[in-house]
1. If GLN194 meets every condition in (1) farther than 25 Å from HIS133 by Cα; (2) not in a strand (DSSP E or B) apart from one, which number is that one?
2. Restricting to the range 326-375, count the residues that are in contact with a Leu (Cβ under 6 Å, 6 or more places away or on another chain) and of a type in the set (Gly, Ala, Ser).
3. So is LEU187 free of Cβ contacts under 8 Å to residues at least 12 places away in the same chain and over 30 Å from ALA306 (Cβ atoms) or not?
4. Kindly indicate whether any position in the range 248-255 is of a type in the set (Phe, Trp, Tyr), surrounded by fewer than 18 Cβ atoms within 10 Å (Cβ to Cβ) and within 28 Å of LEU390 (Cα to Cα).
5. Any residue that is open to solvent by less than 10 Å² (accessible area, probe 1.4 Å), closer than 23 Å to VAL44 by Cβ and within 16 Å of the ligand (Cβ to nearest atom) - is there at least one of those in the range 171-188?
6. Enumerate the pairs (first residue in the range 409-425 and surrounded by fewer than 10 Cβ atoms within 10 Å (Cβ to Cβ); second residue anywhere and assigned to a strand (DSSP E or B)) with beta-carbon separation below 9 Å, excluding pairs fewer than 6 apart on the same chain, so at least 6 apart or on different chains.
7. Are there helices (runs of 4 or more DSSP H) fully within the range 239-346 with at least 3 residues that are more than 17 Å from VAL229 (Cα to Cα)? List them.
8. Of everything in the range 128-138 that's open to solvent by less than 10 Å² (accessible area, probe 1.4 Å) and outside any helix (DSSP H, G or I), which residue is farthest from LYS356 (Cα to Cα)?
Amino acid sequence: MNSKSWVGGANAPEADFPVQNLPYGVFSRAGEAPRCGVAIGDYVADLAALERAGLLAESGFSAPVLNPFMARGKAAWAAMRARLAALFTEGGDPALRDDAALRAAVLVPLARAQLHMPFAVAGYTDFYAGRHHAENVGIMFRGAENALPPNWLSIPIGYNGRASTVVVSGTPIRRPLGQIMPPGAELPVFSPSQRLDIELELGAVLGQGTEMGTPLSVAEADELIFGYVLLNDWSARDIQAWEYQPLGPFQAKVFATSISPWVVTSAALAPFRVSAPARARPLLPYLREPGPMLYDIELEVRMRAAGQERDSLISRTNARELYYSAAQQLAHHAIGGCRMQVGDLLGSGTISGPGKENRGSLLEITWGGKEPLTLTGGIERRFIEDGDTLTLSGFAQGDGYRIGFGSCVGTILPAPKPRAEWRDG
Ligand code: MN
């Protein structure tokens, strides 16, 4: 499919939302109830209104989340994608295009739409599937000899995060308070995190679940993934360093995870599938990929210092740098019998590339704070200061069009004031 749309803004070569994309989200205008929509050009098309007008099959789009639609399954997703493409393609079904009143009701300018969490997050698991990131962090913490943990080349390592604090792009993020062991100290202190960071990740959204006790093959796992979002796994590195052994991150990660508002479907990304990198160690058969399951998605991180007008590009990488695909992560997740649910979110882990300019976290970019970053305006940063804004963006580049993700933005607010009784002495 390489076609044009009659909707404004959809055909520009750098548009995020051409008719080939059709990502799903949840939106409202001021005073309205949130409902499902699809992004097309400079607009969000109101899917609940299209459903009421009889132009779409009944699909649960009046709900304030995509879960009811996702639960209908892969055949329904494919049928809806074909139907929406027909409605929005030049020379397709004229039912919407030629009905001025309906068009005015259905097409809401993106600039006037408030975007909400696109789905109810059933569970959130964060993986660590980027080899460059795992090696960089390993070199910093354990030295070059032991950069990768011994299990890393065999297992897509993950931990269970908090679904309750997954928020949509634009939600302000409060700096966490926590327990920190200062360098050289013997006892920990209680303080706002001083080493607040981002993690540039891709999130896989499950549109179908499994029964408890039912393993999945990698191919079956791939079929359950409805789509992908950009994901910023905000991380408090000082809290993490003190708490993470032996059970992994806890308070360092639970305070916030931001996602982009549009779920880009696996169907839209299908032309951009690429093979995983060569295996440094053979995988056990249950984890082997039957075909290309990573995606060629260009990713960027921008940072704007508090009080500044302009942001700076601080990283550029690609989702194909991952070592394990989301399908492999999901197959590993389910293999022991874990029940997976509609609305589960799987974070990929930080996606860094081979070069210095391809690093997906400030921890790596500033090498643990040792090599400060200079932003536009000559401002230096080691980690995130209050008032700083971080923006992730991404797209898959097609022939004359892009499958865009939009952006995932968050601004850091000051930590809550510690209560008097929490202070020492
Ligand atoms: Mn992470």
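The values are calculated or read from the model by the stated rules, or taken from the named source; none is laboratory data. As the structure is a prediction and not an experimental result, all values here were calculated from the model. We place every Cβ from the backbone using ideal geometry, glycine too, and count neighbours over all the protein chains shown. Heads up: the accessible areas ignore ligands, DNA and RNA and are worked out on the full protein's heavy atoms, side chains in. Shrake-Rupley method; radii C 1.70, N 1.55, O 1.52, S 1.80 Å.
1. (1)
2. Total meeting the criteria: 6.
3. Details: free of Cβ contacts under 8 Å to residues at least 12 places away in the same chain: yes; over 30 Å from ALA306 (Cβ atoms): yes.
For LEU187, the condition - free of Cβ contacts under 8 Å to residues at least 12 places away in the same chain and over 30 Å from ALA306 (Cβ atoms) - is met.
4. Here is the first cut: in the range 248-255, the residues of a type in the set (Phe, Trp, Tyr) are 250, 255.
Still in the running and surrounded by fewer than 18 Cβ atoms within 10 Å (Cβ to Cβ): 250.
In the following step, the residues that additionally are within 28 Å of LEU390 (Cα to Cα) were identified as 250.
Scanning the range 248-255 turns up at least one residue that is of a type in the set (Phe, Trp, Tyr), surrounded by fewer than 18 Cβ atoms within 10 Å (Cβ to Cβ) and within 28 Å of LEU390 (Cα to Cα).
5. No, the conditions are met nowhere in the range 171-188.
6. Final answer for the pair search is TRP422/LEU177; TRP422/PHE190; ARG423/PHE190; ASP424/VAL189; ASP424/PHE190.
7. Details: elements: 251-254, 266-269, 326-335.
Output list reads 251-254, 326-335.
8. Top of the filtered list is ALA129.
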